[in-house]
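One structure is given below, represented as structure tokens, and several questions about it will come after.
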Amino acid sequence: MGTLNSALSQILFWGLLILSTACQTIVQSLQFNAQMTFFASRVDPAIGGSYMTLLNTFANLGGTWPSSAVMYLVGQLTVPPKCDAILGEDGETVREVCIGGRDAYFPLQLGLSILGCLWVMVMKKRVQYIADLPDDAWRTHIGEVEEDENGETGKERGGGSMEMRKGWWWRTKKGRKNA
């Protein structure tokens, strides 16, 4: 009976591990496709592939550095158990008895999950505003001639559209008008 329970436990463990890994891979692929679709819709045709590469680089950096920071924190916050060697009754057998210790993974997981949820609640409107900007707001407009309200041409444009300059940047740096 003991071997049957052990075999069943192993099958259940490995089955759940494989299922979990498969689900993670599917979700990761869906997220990557959504991210690339968003980037492709925002790429400025004037600089094309360079801009797409830059956006993807920032996304990759944003997704990789947190794991290093979390692993460092787990290592720093984990308290190892205190272990002592105890001689057995026969005087020769040594067994190790460990007491105490604390693994920091689960408290850190909980704390950072709460922090992530708070970030989503606080930044949701700002992120949605940036995502809803028209395609023109993401363009560099290099070499285009700017027109004023009367239709007269003036100097060359550059550095983003008026929506971007007077919208997101203006609201964050100049008093948060109508945020």
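Say we look at the range 90-133 and pick out the residues that are over 20 Å from the mean Cα position of the chain (by Cα) and of a type in the set (Lys, Arg); which of these is modelled with the lowest pLDDT?
ARG95
Residues of the range 58-78 being of a type in the set (Val, Ile, Thr) and farther than 16 Å from GLN109 by Cα, which ones?
Scanning the range 58-78 gives a single hit, THR64.
Something else now. Scan the range 1-20 for residues that are of a type in the set (S, T, N, Q) and surrounded by 10 or more Cβ atoms within 10 Å (Cβ to Cβ) and report the count.
Selection size over the range 1-20: 4.
State whether the residues of the range 100-123 include one that is without any contact (Cβ under 8 Å) to a residue 24 or more places away in the chain, surrounded by 10 or more Cβ atoms within 10 Å (Cβ to Cβ) and not in a helix (DSSP H, G or I).
Yes, there is a match, as at least one residue in the range 100-123 is without any contact (Cβ under 8 Å) to a residue 24 or more places away in the chain, surrounded by 10 or more Cβ atoms within 10 Å (Cβ to Cβ) and not in a helix (DSSP H, G or I).
Pairs only if they're at least six apart or on different chains, beta carbon under 9 angstrom, first in the range 25-53 and open to solvent by less than 60 Å² (accessible area, probe 1.4 Å), second at pLDDT 85 or above and outside any helix (DSSP H, G or I); list them, first residue then second.
Listed by first residue and then by second, the contacts come to ARG42/LEU133.
Taking the condition more than 15 Å from the chain's Cα centre (by Cα) and surrounded by 12 or more Cβ atoms within 10 Å (Cβ to Cβ), does LEU87 pass?
Answer is no for this residue.
Looking only at the range 64-84, count how many residues are open to solvent by less than 100 Å² (accessible area, probe 1.4 Å), polar (S, T, N, Q) and out of contact with any helix residue (DSSP H, G or I) (no Cβ under 9 Å at 6 or more places or on another chain).
So the count comes out to 3.
The values are calculated or read from the model by the stated rules, or taken from the named source; none is laboratory data. Keep in mind that this is a model prediction, so the values were computed, not measured. FYI the Cβ positions are ideal-geometry reconstructions off the backbone, even for glycines, and counts take in every protein chain you see. Remember, those area values only see protein heavy atoms, side chains included, never the ligands or the DNA or RNA. Shrake-Rupley method; radii C 1.70, N 1.55, O 1.52, S 1.80 Å.
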